[in-house]
Amino acid sequence: MPLPIVYNPDYVAPLPPEHRFPMPKFGKIYEILVREGIAGLDQFHCPERPPQAWIELVHSPAYVEAYCTGTLDARAMRRIGFPWSEALVNRTCTAVGGTVLTAQLAMQHGLACNTAGGTHHAFRDFGSGFCIFNDLAVAARVLQQQGLVQRVLIVDLDVHQGDGTAAIFQDDASVFTFSMHCDNNFPFHKQQSDLDVALPAGLEDQAYLQSLATHLTDLLSQIKPDFVFYDGGVDPHVEDLLGKLGLTDEGLYARDHLVLHACIERGIPVACVIGGGYQKDVDRLARRHCIVHRAASDLFQQYKL
């Protein structure tokens, strides 16, 4: 059986012209995966919009209700960075359901990838930085609630600190949050993850990979998680508009391969989300996001999962 990949056409919702969030990339990721033979149509699993109760395992019911009904105040909406629409509510919730489904598939097969997800700036009772509900946190809680896992490790390699995830789990020993990010970048007021590795601007492939290998090997040995969520944001890339780090395409592939290989060889199921990435050339950006699916597919075949 090939690598399970999760996608729903509802991952794309309309935004105003010239909005800086590259929403079309989600559809283009699917197109590239199929067109370039990275994935066959039989590999895709379509998520549904999840029960609101799942989202409320992490988020304040008042916040969830206000966002879903369009009654969230204007200041809170500005902090999120999106205008409200029914389509965006559906997209937001469906993407959360997608990460839950990705995690469930990873439990069955050892590895699975979403084509969205990584909304790590969403806190318990407010959204921020284009993140409304925290899909990583919700999926971790659903797995725990269903009795599938106890100890979860979140490996967040988006260029921006996973501040919302860190805050949500700050008093919870059952979920370990690891964020390796650019120090001089959004969010400028950082939260405290269980492990933060703040990198200097301009850091390139070799130094980045050395740092990651050291920290990840130690973490997996010490934490011994039942499950890993991997946020493979591509915004550490040298061309990223919001990144400030210096990774290449080859560096991103090596990064993704390193994380996934380390988990698979220890028998730890891992669910991948795509995280952030910003570039005006959306085709080029979408192809970059497909790097994690390439690495995952290579390892899935190698290990015959």
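Quick check on residue 21: is it surrounded by fewer than 16 Cβ atoms within 10 Å (Cβ to Cβ) and at negative phi?
Yes, satisfied.
Among the numbered criteria (1) part of a loop (DSSP other than H, G, I, E, B); (2) in contact (Cβ under 8 Å) with a residue 60 or more places away in the chain, which single criterion is violated by residue 147?
Every condition holds for residue 147 apart from (2).
Out of 153, 157, report the one residue that is aliphatic (A, V, I, L, M), crowded, with 20+ Cβ neighbours inside 10 Å, in contact (Cβ under 8 Å) with a residue 12 or more places away in the chain and closer than 19 Å to residue 29 by Cβ.
157
Can you tell me which of 79, 49 is within 17 Å of residue 120 (Cα to Cα) and of a type in the set (Lys, Arg)?
79 is the lone residue from the list that is within 17 Å of residue 120 (Cα to Cα) and of a type in the set (Lys, Arg).
Being of a type outside the set (Ser, Thr, Tyr) and under 15 Å from the mean Cα position of the chain (by Cα) narrows it down to one of 127, 118, so name that one.
Result of the check over 127, 118: 118.
Any residue in the range 172-189 that is touching a Ser or Thr at 6+ places or on another chain (Cβ under 7 Å), assigned to a loop (DSSP other than H, G, I, E, B) and within 19 Å of residue 268 (Cβ to Cβ)?
No - not one qualifying residue is present in the range 172-189.
Residues that are in contact with a Leu (Cβ under 7 Å, 6 or more places away or on another chain) and farther than 22 Å from residue 274 by Cβ: does the range 45-66 have at least one?
yes
Go through the range 257-300 residue by residue and tally those that are at pLDDT below 95 and in a helix (DSSP H, G or I).
Counting residues in the range 257-300 that are at pLDDT below 95 and in a helix (DSSP H, G or I) gives 0.
Within the range 174-184, identify whether any single residue is buried (at least 23 other Cβ atoms within 10 Å of the Cβ), within 16 Å of residue 251 (Cβ to Cβ) and without any contact (Cβ under 8 Å) to a residue 40 or more places away in the chain, and answer yes or no.
Yes, the range 174-184 contains at least one residue that is buried (at least 23 other Cβ atoms within 10 Å of the Cβ), within 16 Å of residue 251 (Cβ to Cβ) and without any contact (Cβ under 8 Å) to a residue 40 or more places away in the chain.
Quick one: in the range 224-243, of everything that is of a type in the set (D, E, K, R) and either surrounded by fewer than 16 Cβ atoms within 10 Å (Cβ to Cβ) or over 19 Å from the mean Cα position of the chain (by Cα) (or both), which residue is nearest to residue 100 (Cα to Cα)?
So, considering only residues that are of a type in the set (D, E, K, R) and either surrounded by fewer than 16 Cβ atoms within 10 Å (Cβ to Cβ) or over 19 Å from the mean Cα position of the chain (by Cα) (or both), the one nearest to residue 100 (Cα to Cα) is 224.
If you check every pair at least six apart or on different chains, which have Cβ atoms under 6 Å apart with a residue in the range 192-214 that is free of Cβ contacts under 8 Å to residues at least 40 places away in the same chain and small (Gly, Ala, Ser) first and a residue that is surrounded by 13 or more Cβ atoms within 10 Å (Cβ to Cβ) and part of a helix (DSSP H, G or I) second?
Matching pairs, first to second residue: 193/166.
When you go through 295, 254, 262 one by one, which is the residue that is touching an Asp or Glu at 6+ places or on another chain (Cβ under 6 Å) and of a type in the set (Gly, Ala, Ser)?
Of 295, 254, 262, the one residue that is touching an Asp or Glu at 6+ places or on another chain (Cβ under 6 Å) and of a type in the set (Gly, Ala, Ser) is 295.
Go through (1) in contact (Cβ under 8 Å) with a residue 40 or more places away in the chain; (2) surrounded by fewer than 20 Cβ atoms within 10 Å (Cβ to Cβ) for residue 221 and report which single condition fails.
(1)
The values are calculated or read from the model by the stated rules, or taken from the named source; none is laboratory data. Keep in mind that what you see is a predicted model, and the values were worked out from it rather than measured. Note: ideal-geometry Cβ built from the backbone for every residue, glycine included; neighbour counts use all protein chains shown.
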